[in-house]
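The values are calculated or read from the model by the stated rules, or taken from the named source; none is laboratory data. Source: prediction; values computed, not measured. Backbone-built Cβ (ideal geometry, glycine too); neighbour counts: all protein chains shown. Protein only, heavy atoms only, side chains kept; ligands, DNA and RNA dropped before computing areas. Shrake-Rupley method; radii C 1.70, N 1.55, O 1.52, S 1.80 Å.
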Amino acid sequence: MSDLSFEQMLDESFKTIHNGEVVEGTVIDVKEDEIILNIGYKADGIITRSEYTNEPNADLRELVQVNDKMEAKVLKVNDGDGQVVLTYKRLAAEKGNKRLEEAFNSQEILTAPVVQVLTGGLSVVVDEARVFIPASLVSDTYEKNLEKYAGQEIEFVITEFNPRRRRIIGDRKQILVARKAQMQKELFERIQPGDVVDGVVKNVTDFGAFVDLGGADGLLHISEMSWGHVENPKKVFKVGQPLTVLIKDINGSKIALSLKFADQNPWLTAGERYARDNIVEGRVARMTDFGAFIELEPGVDALLHVSQISHTHVEKPSDILSVGQIIQAKVVDFNGEDHKISLSMKAIENQAPVAEEAEAEAPFEEDVSAEEEE
């Protein structure tokens, strides 16, 4: 007959476990803040909410189901009440750290969700292991507000791995820089001056707009935005606006763009509309001391010299005209080759009254001749 008591024999029928050991078990009960696990030991294992997840208000009943299989790490074989204290979160973090170490050594590109937006950067989680991405390494351009990344999955590489000091650093910027360099190389290999390409407005300034062509930006200068005059680019273009542009010139890494397509040049057919002696209508675009420039249509301006404004003496155009005013004038000269048109307002000034005056003078002349004959 055995000298062992029933309790001793019962203890020997179960496996032995130690602190730090990884065990596998089956969920036998789930509470809002606690998971009870059968681990094949004489006592059940307990995983508290804080040892399962980083979410302080998580309801474990929504995350774990009875009969689920899971691995956990032993924190305490006996918590004083005869239960085994387990951690799921720390074991997962250890596995995650191992995964991160492998990625660090191989410079593998990882993808993970942003779980927290911090003052100095982003926090992402890979298999419960946290990675910090400093704000300076989030993008290849300055990011004023990192909140837009909250909840997003982003790509990065591990550039520093020191779990003992809890310093695991990720870098997203170098991925973006490398991809942009490759896209730029491919772009310059396929484009040349004269090509028409699609792009997206990236930034608008007082002197022009920068257009993203997919790998490099091109400058659409204010002088190339229209055949007509553009006063303020910001009133014409918006960031994010798609645009079809003409590549005017490529100088090293600089790309000059234009929206002045040759087949849309209004001077190609201007000779038909603004032939000599035609009466035309236009808008006063700007003035100088010697005359006013009249916009007949976008891209076609004409000069109204101060001497051609009126039969009466005009000191300066602004004494008679104002910017934006619509006027009528006669074309007195057209030079299509040099893109020059000269106008005259006085050529059509008081035409009707002059005719009436001529008619009134005719009878008077007849009377004079009649008196002489007598």
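Here are the numbers for the structure shown:
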| quantity | calculated |
| --- | --- |
| Whole-percent carbon and sulfur share, accessible surface of the range 136-224, 1.4 Å | 47 |
| [x] 164; [y] 223; [z] 251, with the label sought being that of the calculated volume of the Cα convex hull per residue in Å³ | [z] |
| Local electrostatic count at residue 199 - Lys and Arg +1, Asp and Glu -1, tallied over other residues with Cβ under 13 Å | -3 |
| Count of Lys pairs (Cα-Cα under 26 Å; at least 8 positions apart or interchain) in the range 182-341 | 24 |
| Within-11-Å neighbourhood charge of residue 63 [Cβ basis; K, R +1; D, E -1] | -3 |
| Separation of the residue 264 and residue 162 label points, Cα + 7 Å toward Cβ, nm | 5.8 |
| DSSP-assigned coil residues among trypsin sites (Lys or Arg not before Pro) in the range 126-176, each with at most 11 further Cβ atoms within 10 Å | 144, 166 |
| Highest to lowest packing among 243-252, 293-302, scored as the average C-beta count within 10 Å | 293-302, 243-252 |
| Lysine pairs meeting the criterion (Cα under 18 Å, 8 or more apart or interchain), as found in the range 61-184 | 9 |
| Order by protection proxy (mean Cβ within 10 Å, highest first), peptides 327-340, 199-212 | 199-212, 327-340 |
| Loop-resident sites, the range 14-43, for trypsin sites (Lys or Arg not before Pro), counting at most 14 other Cβ within 10 Å (DSSP) | 15 |
| Shape call, the range 218-327: gyration tensor on alpha carbons, a/c limit 1.5 | prolate |
| Computed E for residue 326/residue 241 - FRET, C-beta separation, R0 45 angstrom, nearest 0.05 | 0.90 |
| Top of 62, 101, 143 by mean-square fluctuation, Gaussian network on the chain, Cα under 10 Å | 62 |
| The range 143-274: C-alpha gyration tensor shape, a/c 1.5 cut-off, then a/b vs b/c | prolate |
| DSSP-loop trypsin sites (Lys or Arg not before Pro) across the range 273-326, with at most 16 other Cβ within 10 angstrom | 276 |
| Virtual spin-label span in nm between residue 273 and residue 148, 7 Å along Cα→Cβ | 4.1 |
| Table column - 3J(HN,Hα) (Hz), the range 244-251, Karplus curve with 6.51, -1.76, 1.60, x for Gly and Pro | 9, 10, 9, 7, 7, 7, 10, 10 |
